[in-house]
1. Out of all the residues in the range 544-551, is one or more modelled with pLDDT under 95, out of contact with any Asp or Glu (no Cβ under 9 Å at 6 or more places or on another chain) and surrounded by fewer than 21 Cβ atoms within 10 Å (Cβ to Cβ)?
2. Filter the range 597-608 for residues that are open to solvent by less than 30 Å² (accessible area, probe 1.4 Å) and of a type outside the set (Phe, Trp, Tyr) and give the result.
3. Say whether the condition of being in a helix (DSSP H, G or I), of a type outside the set (Val, Ile, Thr), open to solvent by less than 10 Å² (accessible area, probe 1.4 Å) and in contact with a Ser or Thr (Cβ under 8 Å, 6 or more places away or on another chain) is met by at least one residue in the range 526-539.
4. Quick one: in the range 609-650, of everything that is loosely packed, with under 15 Cβ neighbours inside 10 Å and of a type in the set (A, V, I, L, M, F, W, C), which residue is modelled with the highest pLDDT?
5. What number goes with the only condition from (1) within 23 Å of Pro400 (Cα to Cα); (2) assigned to a strand (DSSP E or B) that Ala135 does not pass?
6. Name the helices (runs of 4 or more DSSP H) wholly inside the range 186-274 in which the number of residues that are closer than 20 Å to Glu286 by Cα, at pLDDT 90 or above and of a type in the set (Gly, Ala, Ser) is 2 or more.
7. Restricting to the range 275-289, count the residues that are of a type in the set (Lys, Arg) and either touching a Phe, Trp or Tyr at 6+ places or on another chain (Cβ under 7 Å) or not in a loop (DSSP other than H, G, I, E, B) (or both).
8. Quick one: in the range 338-357, which of the residues that are among the small types (Gly, Ala, Ser) and part of a helix (DSSP H, G or I) is surrounded by the most Cβ atoms within 10 Å (Cβ to Cβ)?
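The values are calculated or read from the model by the stated rules, or taken from the named source; none is laboratory data. Only a predicted model underlies this, so the values are computations on that prediction, with no experimental measurement involved. Virtual Cβ from ideal backbone geometry, glycine too; neighbours counted across all protein chains shown. The protein model used for the area step is the full one, side chains on, heavy atoms only, and it has no ligands, DNA or RNA in it. Shrake-Rupley method; radii C 1.70, N 1.55, O 1.52, S 1.80 Å.
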Amino acid sequence: MLADFCLQRALERILKDLEAKHGKPNSEFAIFGMGKLGGNELNYSSDIDLIFVYSEEGKIGAITHHDYYTRAAQALVQGFRMNCSEGSLFRIDLRLRPEGNSGPIVRSLEGYENYYAAFGEVWERLALQKARHVAGNAELGYEFVQHLQPFCFPKHLTSTALEEIHRIKGRIEAEILKEGGLERHVKLGRGGIREIEFAIQALQLLHGSRYAFSQERGTLKSLQALLRLELLCREDAVALAKAYIFLRRLEHRLQMREDRQTHTVPADLETQTKIAKGLGFKSHSEFEKEWKRHIERVRSFFNTIVKSPRTDAALAAVPDWSQPSKERDRLLRQAGFSSPEKAVEILKTLAEGPSYAHVSERTQALFHQLCPHLLRLTPQFVRPDEILQQLERFIEAYGPRAALYELLLSNPNVLKLLMRLFDRSPFLTDILIHQPSMLEAIAYEGLLLEPHDRKRMEMDFAHESAETLGARLRLFHRAELVRIGLRDILDLVAGPEEVWNEITRLADICMAEAVAHLFGKRNASSDAFCVIAMGKYGGCELSYGSDLDVLFVGGTVSKTAQLIHLISKEEGAMFKVDARLRPDGEDAPITLPLDAYGNYYRKRAQFWELQSLTRARVAAGNAKLGLEFLNLVDDMIYVRPLASEELREMNAMRSRIEKERGDGQDERRNFKTGAGGLVDVEFLAQAQQMKFGHQHAELRRASTLEVIRRMAQIGDWKDEEAKRLAENYLWLRKLETVLRLFQNASVSEMPASREEWEGVARHLELKNGKELEKESAARRKQIRETYRKRMAP
């Protein structure tokens, strides 16, 4: 408290003098106590460790903020050093600042953040754990602590951090050994004060990000916090507290006796006996026994928490990739890279950074540890070259390389997750690269563990904080799409239907929020408006890159156009909205009143337009109007069974689609519109709906799979027939998903290049392209046989 008081009073005077001479800058200034000052633990003869921070760069007249506050810091240090008749103040030590004695004595808040993110070492994490605002602007003090908290208490910590603490202590002991008296050094010797501090700070380093209450500065308070959180057993906590108090009392006695900063107990017996009696011990032997007991207990605990560095050949440093050799190229080809030279170029950039940037030795060392893991995993994937290129892009976008490398080293599953994403989906990779902050939220907040229902999705949307609705929707859409895609890629979904349901739910929420924004949340009946989902959107079967087939009912053309623009055409479109299924197609207004739909469907609609209504579902807007539209649908297609003539018309339409769409030269590619493709199953399901829907309401507005699965109970289908058709449909949809994950677009054909079939086959857990062709042909043959049997008039 005395040191804080002196610093505050001195700083007030210095800033007042500077302001009188140069004016007041548009920036604030604060002083932080480190070490024992930060922990409220000063000795009688302690130095005070300080760092200085100002809030932002700028100028006041011709003087920069940096120069202005450098003068303030220099004046403070000089004033404290001055010897007067009244004596001197505290000795100030600035060596804990970034870059130590060679670094500037003041930095901006942003300067500290950038330094620690790029170059911060383990010892600097420990030092900052004790940082406490002691003078200057309190608001800046709070901001500094909050901004650097992720560095002090990282979420992701590698085992090498604890090993580094052990190395630091080893270097300290080596220095003390040179001076002699290692066993008698109360602070830095074996079983000394520093080992208690390091062990406690190591536990705070491990657990601080999850348990904020463990983030105490003082040693004894930290022990109490760790005990309350059950991160330390009572026996150890009590023993360490007693040892710490004993050693600190001994340290105080030494400094009071000699009136200087010393931590070494004198070697002669007479002096030790006097110190022992001053501490209340009856004899020297009693003192020595107690001292030795504390040293042994502290040393044992320190070695338990802070383990010595491992020697692991598997984690050896990356070889010098810059030196060409047959062995180097062999290893890289074995890791799956087609071009060793290109791989070397990227690996060097990942380790050393791009030519225009400086990367710290710590960052390079972290990548050298990460690289063997990376190269062991690449052969498991289809496109190792692409993975490495995308990893380079992601790291460039992420920012602090050291922080990311630590994250990947401490969480190997996250590295696998990224590699699988880079391998499977360029479009999801691009989203993540544009918003790299999503990685931690998705990977570490349990977002991949289970699907999100509508309520959870709406909660997540409510947390988006962008200024405009469009920006909020786009951020929400991207985050959800990456989450859904990762669950799919990592095989965490129950099946393809779970993915379709979640993407459809995502579309519904985006549509509902946009409608509420444009038409009002109440969407009054006087100007009622609703969105009818059609096609796969109506059947809750959306996949990656799916369009939203819709009909708009009511409202105004201008607001409906704004709705389409918001969802489809603003920068970073969410979904492409397709309203061409409306009466008279693109020649008609984009929205019509309910009675116009009724007149059209009763008098002028073609049969395929009525067939498309089997998928009609209310997606957003006025619920009453939506229900009236669905009642109209029921009156149009579910009042009688499908007639033979109508079935012939469906078959004719199916034949036209088969002939007019897809690759006419290689029918094997057309898994969607070709014979036995997805459209066969969809037409077949729609025919069953129109055939039995007048008697079985549960078939109305059901998805393709729901219809097929119910046919064994409703029609004359056998269980095995319905089950086989559903399985074949699911397999083709899975094939479609693999291709859509890659392109994020509607895909109806296999790639033209047979080489690309090999990669698709591996993603479907098949050996090669030939096996993929064989599997596809067999399933499509079965689908076509069922189609012919069940669609015969």
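1. The answer is yes; a qualifying residue exists.
2. Gly598, Ala605
3. Scanning the range 526-539, I find at least one residue that is in a helix (DSSP H, G or I), of a type outside the set (Val, Ile, Thr), open to solvent by less than 10 Å² (accessible area, probe 1.4 Å) and in contact with a Ser or Thr (Cβ under 8 Å, 6 or more places away or on another chain), so the answer is yes.
4. Leu627
5. (1)
6. The helices (runs of 4 or more DSSP H) meeting that bar are 234-258.
7. The total comes to 2.
8. Taking the candidates together, the pick is Ala343.
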